[in-house]
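Here, each number is a calculation from the coordinates, and none is a lab measurement. Since this is a predicted model, take the numbers as computed values, not measurements. Here the Cβ positions follow ideal geometry from the backbone for every residue, glycine too, while neighbour counts run over all protein chains shown.
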Amino acid sequence: MNKKLIVGNWKMNPVTLDEAKKIARKIKRASAGLVSVETVICPPFPFIYPCTSKGESALFHIGAQSASVEIDRGPFTGEVSATMLKEIGVSYVIVGHSEQRARGESDSIVSKKAKAVLEAGLSPIICVGETSRDEAGTYLETLKNQIKQSLADIPPKFASNIILAYEPVWAIGAQEAMKNEDIYESSLFVKKIFSDIFGPEAGVKAKVLYGGSVNYRNAPDIIAIGKVDGLLVGRESVNAPGFVELLKAVDLVK
Ligand code: PGA
């Protein structure tokens, strides 16, 4: 069975280490009892290591929210490499989140970061998504170019380790998620572009997540009707009871 991948992007939250450890503990405990869900939490850098614990299971993983384009070490003040993240138990790295793109991260940097993450032996969760939609559908062209350029540096041998997160920017931090039918359509479009780049076999196997205002109430339908391979969750992922509810609800989706 293909497990659904549920990724919690904590962003710059919470403020205290104590709170971070409590949230992580609750989520880890809940994830252990699930059957069809793999959980990933992505705390801010200083909280990653304290949120790891002995005996990482196949159902619970730690991720990071970014990594350097430089793969291991060197004179790069302020940077954190994917090799260092792997060293402390990280398995996934979010790359190219729209909040980083808004602060100047280009497609070319996204692609180089994703390559570094893959070379370190980790899986990048590469975020893509249009900032707005128009009747004429020109956003599809924009999305296509963004995906192509964000994957430009990645050798085909890594195709099966890439996860794409489709996050329409207008649905992030919003009141409502995108409509389920539109999520289905867009995720197919993302898979099609992926298969144009890496071939049909890789396209069929490609994992596409949806992100943008997901909560415990809408998550099961997004999975069932939107037919995505998982979710990238922001606000609801630092609300432990809500996130635990979400994981359990998605676990029940056939
Ligand atoms: P949100 O954030 O769930 O709070 O909308 C999603 C994201 O930015 O990944």
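Within straight cross-link reach of Lys254, meaning Cα distance under 12 Å, which aspartates and glutamates are found once same-chain residues fewer than 8 apart are removed? Candidates past the 8-residue exclusion: Asp221. Relative to the Cα centre, the charge distribution of the chain, modelled as +1 at Lys and Arg Cβ and -1 at Asp and Glu Cβ, gives a dipole magnitude of about 760 debye.
Think of it as helices only: each DSSP H run of n ≥ 4 in the chain is worth -39500 (n - 2.57), and spread over all residues that comes to -11500 deg cm²/dmol at 222 nm. Dividing the convex hull volume of the alpha-carbon atoms in the chain by its residue count gives 122 Å³ per residue. Most simply put, the stretch 6-157 has about 0% antiparallel DSSP beta bridges, counting only bridges with both residues inside it.
A Cβ-based charge dipole, computed about the Cα centre of the stretch 1-53 with Lys and Arg at +1 and Asp and Glu at -1, lands at about 160 debye.
Here is the list for the stretch 142-251: GluC sites (Glu not before Pro) lying in DSSP coil, each with at most 12 other C-beta atoms within 10 angstrom of its C-beta, are Glu176.
For the options Ile88, Ile71, Ile41, a Gaussian network treatment of the chain with springs between C-alpha atoms closer than 10 Å singles out Ile88 as fluctuating the most. Each residue of the stretch 207-213 was assigned a 3J(HN,Hα) from its phi angle through the Karplus expression (A = 6.51, B = -1.76, C = 1.60, θ = phi - 60°), giving 9, 10, 9, 10, x, x, 6 Hz with x at Gly and Pro. Under the combined filter of DSSP loop state and at most 16 neighbouring Cβ atoms within 10 Å, the stretch 23-60 retains these trypsin sites (Lys or Arg not before Pro): Lys54. Residues considered: Pro44, Pro168, Pro75. Largest GNM mean-square fluctuation over the chain, using C-alpha springs under 10 Å, is found at Pro75.
Among residues other than Ser81 with Cβ under 10 Å from its Cβ, the summed charge is -2 (Lys and Arg +1, Asp and Glu -1).
Within the listed set Asp196, Asp182, Asp134, the Gaussian network model of the chain (springs between alpha-carbon atoms below 10 Å) gives the highest mean-square fluctuation for Asp134. Think of the chain as a dipole: +1 on every Lys or Arg Cβ, -1 on every Asp or Glu Cβ, centred on the Cα centre; then among Met12, Gly173, Phe47, Phe47 lies furthest on the positive end.
Dipole of the chain computed with +1 at Lys/Arg Cβ and -1 at Asp/Glu Cβ about the Cα centre; of Val80, Ser111, Cys127, farthest Cα towards the positive end is Val80.
Working note: Karplus 6.51/-1.76/1.60 with θ = phi - 60° gives the stretch 64-70 the couplings 10, 9, 5, 7, 6, 6, 8 Hz, where Gly and Pro are set to x. Among beta bridges from DSSP that stay inside the chain, the antiparallel ones total about 0%.
Assuming charge only on the beta carbon of Lys and Arg (+1) and of Asp and Glu (-1), the dipole of the stretch 127-254 about its Cα centre is about 380 debye to the nearest 20.
Under the combined filter of DSSP loop state and at most 12 neighbouring Cβ atoms within 10 Å, the stretch 1-78 retains these chymotrypsin sites (Phe, Trp or Tyr not before Pro): Phe76.
Each of Cys127, Cys51 was scored by other Cβ atoms within 10 Å of its Cβ. Listed from fewest to most, they are Cys51, Cys127.
A cut-off under 13 angstrom between Cβ atoms defines the neighbours of Val169, and their net charge, with Lys, Arg +1 and Asp, Glu -1, is -1. Partner lysines whose Cα lies under 25 Å from the Cα of Lys144, excluding those fewer than 8 positions away in the same chain, are identified as Lys4, Lys112, Lys113, Lys115, Lys157, Lys179, Lys191, Lys192, Lys205, Lys207, Lys227.
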